[in-house]
Amino acid sequence: MPADIKGLGDLPQQEKERLRQTGLEEDMTKRAGSYFQINQEVIQAGSQAEGIEVLPISEALEKYDELKEYYWKAVPKEKDKYTAYVARQKEPRGVFIRAREGAKTVLPLQACLYLAAERVQHVHNIIIAEKGAEVHLISGCASATHNVAGAHIGVTEFYVGEGAKITSTMIHSWGAKISVFPRSAAFIEKGGTFLSNYVCLQPVKKIEMYPTAFLRGEGAMARFSSIVMALPASTFDIGSRAILGEKGSSAELITRAITRGGNVISRGHVVGASDGTKGHIECRGLILGDGLIHAIPEIEGKVMGTELSHEAAVGKIAREEIEYLMARGLTEEESTATIIRGFLDVKIQGLPDVLQKQIDAAIDAAEKGF
Amino acid sequence: MLEIEDLHVEVGNKEILHDINLRIEKGETHVLMGPNGSGKSTLLMAIMGFSGPRVTKGLIVFKGKDITDMPVNERAKMGIGIMFQRPPTIAGLKLGKLLNVVKRGNDQTIEDYAKSLNMEALLNRDINRGFSGGEIKRSEVLQLIVQKPDFMLLDEPESGVDLENMALMGRSIAHLLEKDRHLVHREKGGLIITHTGYILDYLDADGGHVLIDGEIRCHGNPREILKVVKRSGYRECLKCPQI
Ligand SMILES: Nc1ncnc2c1ncn2[C@@H]1O[C@H](COP(=O)(O)OP(=O)(O)OP(=O)(O)O)[C@@H](O)[C@H]1O
Ligand SMILES: [Mg+2]
């Protein structure tokens, strides 16, 4: 990557287009703050929003001693070899975002992690919303169009304070030779809300992740929504977990998975460990090629006052639905594409419009291939 | 416009329709009656070309062309439209979006069409998801209004529709069938399944048929058939092939 790249705008046209599909915006007036990392190099970090900081994690570690209280607290260092790899790094990379008490952004913050050269990209991100604060983060992760092999290992720790809200929307656009190992967890305090959305409809070699939300305060809420499409030779082993540890906390884990020849393992685990808690897992899969969709929902009730349920359905598109649309004059291909589009259309409650639009756009971009 | 000759249809591995013969001329609307389970919906679905019912023998000819083996969408292109008795729900597909796709070139907005059937509130809903019985019927008619077929297969348009909406639907269907045009100019036609005959309050039908156990057992004037069935039940139709 040439040294004169100062931001998204300096990238070649084709690469910009790719990043735009992951929801990243060149025009900073549409974003409250931004973090941009190519390989291991931090290109840009900053925030225009009042009460919200965006810093490279290395700088934040030097500046704020209290960061120790957050660093490797939600995700344990020794969790697996990937977390251990990130923990070993002498020069940590990643973004630190903190919204101070009561600070809110209307515009989303964006983080862009771009893998251009043949090697491992590692990041460690800390996202904090203090009491009553509200943060919307969109992270686009992509690799350069030229076909590099590589791995991306990302640790992200979210801290949702009392009555605070974090929405994290991650849109991936990797290459067929890239493997991706996100390792994230969220601590959600009393009355806090954590919405995590994940979209990947482009080729990738392998994605493996299983983020956990720890609901640690009364009435805390978490929702994970994942929309993935496994093309041939892609493997997704994705899941999400919620530990309903305090009274009245709740979680919803929603997945829409399509295979066109690749493999999808969709895991989900909700633990109801306190009274008045509610958890639901919903996984729907469409098999459109010789691929595999394996749904493994687990619900674990530990007290009487918890209410947990799951719902999983995997299959092909119903012939009856295709013919219904054909009877209105659509061709078989148009009917199929229309049904797939609808299948992926998970409207996420509480998500700002701009972010929902980005998700819709990612699906639209993939629609040509349905 | 539509000719059916010696048609045999299986569902699963069971023959449901035996030796059906039917002829509907351009500009004509016929009604189809018969007991529950006699095969009426199956016949409509076979005419539309769905893969559930399988034609094992016979011919379906539309506008002079043999369409027996034609895909569903090509039949739609040729001008056949259907109102389903029990349409499927399609998750994530908004009624409004489908209508926009079906509309293709035409200028009138979907909202205008929807208003005419009191349906604006449903445009933003997933198609058929949680629609009430009457809403399903109106949504089906709305789709036909936008599609503008030449020949309509209507499966029980009146069942589940309240009186007020029935008037709205009846008038819309009559308009679709060009009942407001003079006989000689009328080009559109249809085949309507009805149990009650209420639809006949809004449009005149040119012929009636009674299907019993997969066979058409009598032809005649629709109002006469209705009268006989009301009085003495379908048994009476068996006695008399022509009412
Ligand atoms: N998939 C199927 N498998 C087995 N039998 C079927 C299937 N589909 C339809 N049938 C049977 O075919 C027969 C005809 O059904 P059809 O729906 O055409 O009846 P209908 O005349 O429209 O009845 P209704 O007035 O109740 O709507 C019924 O006995 C029905 O149970
Ligand atoms: Mg029927």
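The values are calculated or read from the model by the stated rules, or taken from the named source; none is laboratory data. Just so you know, these numbers come straight off a predicted model, no measurement behind them. All Cβ positions, even for glycine, are placed from backbone atoms using ideal geometry, and neighbour counts span all protein chains on display. Calculation scope for accessible area: heavy atoms of the full protein, side chains included, ligands and nucleic acids excluded. Shrake-Rupley method; radii C 1.70, N 1.55, O 1.52, S 1.80 Å.
The convex hull defined by the C-alpha atoms of chain A has an orientation-averaged projected area of 18.2 nm². Distance between the modelled labels on A:Ala361 and B:Asp6, one decimal in nanometres: 6.2 nm (7 Å Cα→Cβ projection). The heavy atoms of A:Tyr198 present about 10 square angstrom of accessible area, all protein chains included, probe 1.4 Å.
If you take the accessible area of A alone, add that of B alone, and subtract the area of the pair, what total do you get in Å², probe 1.4 Å, to the nearest 100? When A and B are taken together, about 1900 Å² of accessible area is lost. In this structure the amide hydrogen of B:Gly190, modeled in the peptide plane, comes within under 5 Å of the amide hydrogens of B:Glu28, B:Thr29, B:His30, B:Met152, none closer than 5 places in sequence on its chain. Site pair A:Ala233 and A:Lys79 shows an inter-label distance of 3.0 nm when each label is modelled 7 Å from Cα along Cα→Cβ. Remark: region A:224-370 carries a charge dipole of roughly 220 debye about the Cα centre, counting +1 on each Lys and Arg Cβ and -1 on each Asp and Glu Cβ.
Contact with the other protein chains removes 10 Å² or more of accessible area, compared with the isolated chain and a 1.4 Å probe, from these residues of region A:335-368: A:Thr338, A:Ile339, A:Arg341, A:Gly342, A:Asp345.
Going from the chain on its own to the full set of protein chains, region B:67-95 has these residues losing 50 Å² or more of accessible surface (heavy atoms, 1.4 Å probe, no ligands, DNA or RNA): B:Asn73, B:Pro88, B:Ile90.
Taking all protein chains together, A:Leu288, B:Leu238 sort by accessible area into B:Leu238, A:Leu288, largest first [probe 1.4 Å]. Let me make sure I get this right: for region A:297-350, a, b and c are the square roots of the gyration tensor eigenvalues over alpha carbons, sorted descending. Under 1.5 in a/c it's rounded, otherwise prolate if a/b > b/c, else oblate. Which is it? Prolate shape, in that a/c is at least 1.5 and a/b is the bigger ratio.
Per-residue ellipticity at 222 nm from helix content only, as computed over the protein assembly as shown with -39500 (n - 2.57) for each DSSP H run of at least four residues, stands at -6500 deg cm²/dmol. Simple rule: put +1 on each Lys or Arg Cβ and -1 on each Asp or Glu Cβ in region B:1-94, find the dipole, and look at B:Ile4, B:Leu32, B:Val72; the Cα lying farthest toward the positive end is B:Val72. When nucleic acids and ligands are ignored and a 1.4 Å probe is applied, A:Glu59 ends up with an accessible area of around 90 Å². The listed residues B:Asp206, B:Asp201 rank as B:Asp201, B:Asp206 when sorted by accessible area, largest first, using a 1.4 Å probe. Comparing B:Gln143, A:Ala133, B:Ser132 along the charge dipole axis of the protein assembly as shown, the residue lying farthest to the positive side is A:Ala133, per the Cβ-charge model. Near A:His122, the amide H atoms lying under 5 Å from its own belong to A:Ile153; only residues 5 or more places off or on other chains count, and H is placed 1.01 Å from N. Farthest toward the positive end of the dipole of chain A, out of A:Ile340, A:Ile359, A:Phe36, is the Cα of A:Phe36, where the dipole comes from beta carbon charges about the Cα centre. For the protein assembly as shown, the per residue solvent-accessible surface stands at 41 Å², with DNA, RNA and ligands left out and a 1.4 Å probe. Only Cα pairs under 8 Å and 6+ residues apart enter the sum, and on that basis the relative contact order of region A:1-209 stands at 19 percent. Size descriptors for region A:72-158 (Cα atoms only): Rg and Dmax, in that order, 14.8, 44 Å.
Across region B:87-175, the relative contact order, built from alpha-carbon pairs under 8 Å that are at least six residues apart, equals 34 percent.
Secondary structure note: in chain A, about 10% of the DSSP beta bridges are antiparallel.
Within region B:2-239, antiparallel bridges make up roughly 60 percent of the DSSP beta bridges whose residues both belong there.
For chain A, with all protein chains in place and a probe radius of 1.4 Å, 49% of the accessible heavy-atom surface sits on carbon or sulfur.
For region B:2-239, averaging the sequence separation of C-alpha pairs within contact (under 8 Å, six or more residues apart) and dividing by the residue count gives a relative contact order of 26 percent. Rolling a 1.4 Å probe over the protein chains gives A:Glu307 an accessible area of about 120 Å².
Once the convex hull of all Cα atoms in region A:1-209 is built, its volume per residue stands at 112 Å³.
DSSP beta bridges confined to region A:1-209 are antiparallel in about 15 percent of cases. Of the listed residues B:His185, B:His8, A:His152, the order by accessible area with a 1.4 Å probe, largest first, is B:His185, B:His8, A:His152. The slack between A:Ile296 and A:Arg119, meaning 0.36 nm per residue of separation minus the straight C-alpha distance, is 60.5 nm.
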